[in-house]
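The values are calculated or read from the model by the stated rules, or taken from the named source; none is laboratory data. The structure presented is a predicted model; accordingly, all values stated were derived computationally and were not measured. Cβ sites come from the backbone with ideal geometry, for glycine too, and all protein chains shown count toward neighbours. Quick note on the areas: whole protein, heavy atoms, side chains included, nothing else; ligands and nucleic acids left out. Shrake-Rupley method; radii C 1.70, N 1.55, O 1.52, S 1.80 Å.
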Amino acid sequence: RAVPGIGVQQGVKSDGTTKVRAVYNFSWCSPWPGEATKRISFREGKARSVNGCTCLPEKLSHDHLDDLIWYCRQLVLVCGFVPSLLKADIASAFRRIHLLPEHRWAAGIMYWYQGSIWTSVHKSSPFGAKASVFNWERVGRFLRAVARRLLHIAMFEYVDDYFAAEHPDVVEHALGCFARVVRALLGEDSIAADKLMCGKSLEVLGVYVELSRERFMLRPSPGKMKKCLDVIEAALAPGGSLAAGCASKLAGRLQWACQFMFYRLGRAMIRPIYSQCQSRCGVVGADLKIALGWWWQILNTHIVEERFWKFPAAPLAHLFVDAAGKSAR
């Protein structure tokens, strides 16, 4: 069994070239040999596919910015010091997980090369398979558990991104210990040196976090917001489109607006973008156009969220309103 592989545009690199990721459609299935001339529905084909026959035994969840800020608040108010932040990124996470030889029959792929169709078989977790996501989450949670239980680092995990807050005197040592453990388990090239960062102010999950003794400040990363605006403007232009891969990347970059730290202001307007991830033609519909227009306005306002760790005591205010639906009495 072989599934088609396609190149999905992921954006533009710093040198101006297009970034393309190879994605294999494990939600696609050809008809059975006896039905080669019979057209089957998309739903039936997906049910017969590798992803359709894959069952996840549990629901996946991730740590978010809300969890990090809550932990930093405890360090400031309970422990009495302003922490420093650290983060690490696993390189080629899916490719670190090898497939069992008896499972490789389901990891066949086919693709165009120099005008002809080639076939191959993955020996590690392919990008586009539901099982790859689940198996990496198992590995990712294991790395988080090692950091927490053996290294005593309050590590948080979002897919292949790891972040934490530590005392400023030991933050570099903690980051080095975590990197050494990951390299010992996944290989020397599993974490690049430029992916290890720490400091009082740091960009975490696309949001620039700045901590002080009295308050903290959050603002979306200017670089990533510029990339989001470029994608949105191209999609809203006359004759523009939004490919499924670009929609997935855009939704990931806008996840910060779904956190309680930003009052979850973008929760409704991000749903049309996620729906576009299933689109085959990239056409921008009415709902998606409204959502993209809303995001364009929000990103151009340069949102900054600033809060105090502990609000000063103030007298309680009572507000009386009349909700009878008639004129005020």
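Side notes on the structure shown:
- Inside the range 300-317, residues that are surrounded by fewer than 16 Cβ atoms within 10 Å (Cβ to Cβ), among the aromatic types (Phe, Trp, Tyr) and touching a strand residue (DSSP E or B) at 6+ places or on another chain (Cβ under 7 Å) make up a count of 1.
- Of the listed requirements (1) at pLDDT 90 or above; (2) under 26 Å from the mean Cα position of the chain (by Cα); (3) surrounded by fewer than 16 Cβ atoms within 10 Å (Cβ to Cβ), residue 92 misses just one: (1).
- Among the residues making up the range 221-242, those that are modelled with pLDDT of 85 or more and open to solvent by less than 20 Å² (accessible area, probe 1.4 Å) are 221, 225, 228, 232, 235.
- Identity of the residue in the range 39-56, in contact (Cβ under 8 Å) with a residue 12 or more places away in the chain and of a type outside the set (Gly, Ala, Ser), that ends up least open to solvent (accessible area, probe 1.4 Å): 51
- Residue check for residue 178: of a type in the set (Phe, Trp, Tyr), surrounded by fewer than 20 Cβ atoms within 10 Å (Cβ to Cβ) and not in a strand (DSSP E or B): no
- Residues in the range 9-39 that are closer than 19 Å to residue 95 by Cα and at pLDDT 70 or above: 19, 20, 21, 22, 23, 24, 25, 26.
- Index of the failed condition, residue 247 passing every other in (1) modelled with pLDDT of 85 or more; (2) open to solvent by less than 10 Å² (accessible area, probe 1.4 Å): (1)
- Matching option when the condition is of a type outside the set (Val, Ile, Thr), modelled with pLDDT under 85 and under 17 Å from residue 70 (Cα atoms), among 208, 263: 263
- Filter result for residue 102 (surrounded by fewer than 11 Cβ atoms within 10 Å (Cβ to Cβ), modelled with pLDDT of 85 or more and of a type in the set (Asp, Glu)): yes
- For the range 126-168, filtered to residues that are touching a strand residue (DSSP E or B) at 6+ places or on another chain (Cβ under 8 Å) and among the basic types (Lys, Arg), the residue that is surrounded by the fewest Cβ atoms within 10 Å (Cβ to Cβ) is 141.
- The requirement of being in contact (Cβ under 8 Å) with a residue 60 or more places away in the chain and part of a helix (DSSP H, G or I) is fulfilled nowhere in the range 309-325; no residue meets it.
- Taking the listed residues 278, 297, the one that is within 30 Å of residue 17 (Cα to Cα), open to solvent by 100 Å² or more (accessible area, probe 1.4 Å), at pLDDT below 85 and of a type in the set (S, T, N, Q) is 278, with no other qualifying.
- Filter pass, residue 288 being out of contact with any Lys or Arg (no Cβ under 6 Å at 6 or more places or on another chain) and either among the aromatic types (Phe, Trp, Tyr) or open to solvent by less than 30 Å² (accessible area, probe 1.4 Å) (or both): yes
- Residue pairs whose Cβ atoms lie under 9 Å apart, sitting 6 or more positions apart in sequence or on different chains, and linking a residue in the range 72-87 that is under 15 Å from residue 174 (Cβ atoms) and modelled with pLDDT of 90 or more to a partner that is part of a helix (DSSP H, G or I) and open to solvent by 50 Å² or more (accessible area, probe 1.4 Å), are 83/71; 84/172; 86/172; 87/195.
- Residue selected from the range 78-89 under the condition open to solvent by 30 Å² or more (accessible area, probe 1.4 Å) and not in a helix (DSSP H, G or I), by the criterion farthest from residue 187 (Cα to Cα): 80
- The listed residue being surrounded by 14 or more Cβ atoms within 10 Å (Cβ to Cβ) and in a strand (DSSP E or B), out of 109, 117: 109
- Residue selected from the range 190-205 under the condition in a helix (DSSP H, G or I) and modelled with pLDDT under 85, by the criterion surrounded by the most Cβ atoms within 10 Å (Cβ to Cβ): 195
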